[in-house]
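Encoded as structure tokens, the structure appears first; notes follow it.
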């Protein structure tokens with residue numbers, strides 16, 4: 001199935017709550033942390049959403065609670081999502097994001113190629129290097 005993926009930050013209310021088992025509201029990149037209270041309080045959610053190019057649907061596939069995130073870590077999360085989606089039979093052909101400095105740094109870390117005579121910008125898919133993922 002052919003899809004595109006969008007990445008964007010969404011501002012969230014900085015708040016820590018007790019859910020009955022643990023405190024929530026701290027930065028969370030999906031990996032276990034022994035004491036989350038040592039982490040900063042999250043102020044944004046980095047959201048990744050896929051949109052089908054052949055059918056009529058769009059689905060958020062991941063979100064990460066962040067307090068700013070450099071380009072290298074963003075690139076790692078995008079590559080992880082691309083790999084997981086590929087294993088589920090979804091082929092991502094393009095990646096869309098805004099022009100923030102962190103996202104531009106992410107494109108550099110993804111090794112996006114940009115040619116002077118060609119306005120398109122792309123990088124090889126992590127699971128299928130013969131296929132490019134185009135950036136918008």
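Miscellaneous remarks
- Neighbours by Cβ (under 7 Å, 6+ apart or cross-chain): first from region 80-91, free of Cβ contacts under 8 Å to residues at least 24 places away in the same chain; second in a helix (DSSP H, G or I) and surrounded by fewer than 16 Cβ atoms within 10 Å (Cβ to Cβ): none
- Every residue from region 95-115 that is over 13 Å from the mean Cα position of the chain (by Cα) and crowded, with 19+ Cβ neighbours inside 10 Å: 112
- Identity of the residue in region 62-94, surrounded by fewer than 18 Cβ atoms within 10 Å (Cβ to Cβ) and in contact with a helix residue (DSSP H, G or I) (Cβ under 7 Å, 6 or more places away or on another chain), that ends up nearest to residue 14 (Cα to Cα): 70
- Checking each residue in region 37-62 for being under 24 Å from residue 124 (Cα atoms) and without any contact (Cβ under 8 Å) to a residue 40 or more places away in the chain picks out 46, 58, 59, 60, 62.
- Filtered by the rule that a residue be modelled with pLDDT of 90 or more and more than 14 Å from residue 81 (Cβ to Cβ), region 108-121 gives a lone residue, 109.
- The numbered conditions (1) surrounded by 14 or more Cβ atoms within 10 Å (Cβ to Cβ); (2) over 18 Å from residue 6 (Cα atoms) are all true for residue 128 except (1).
- Taken over region 27-39, the criterion of being more than 20 Å from the chain's Cα centre (by Cα) and surrounded by fewer than 14 Cβ atoms within 10 Å (Cβ to Cβ) is satisfied by 33, 34, 35, 37, 38.
The values are calculated or read from the model by the stated rules, or taken from the named source; none is laboratory data. The structure presented is a predicted model; accordingly, all values stated were derived computationally and were not measured. FYI the Cβ positions are ideal-geometry reconstructions off the backbone, even for glycines, and counts take in every protein chain you see.
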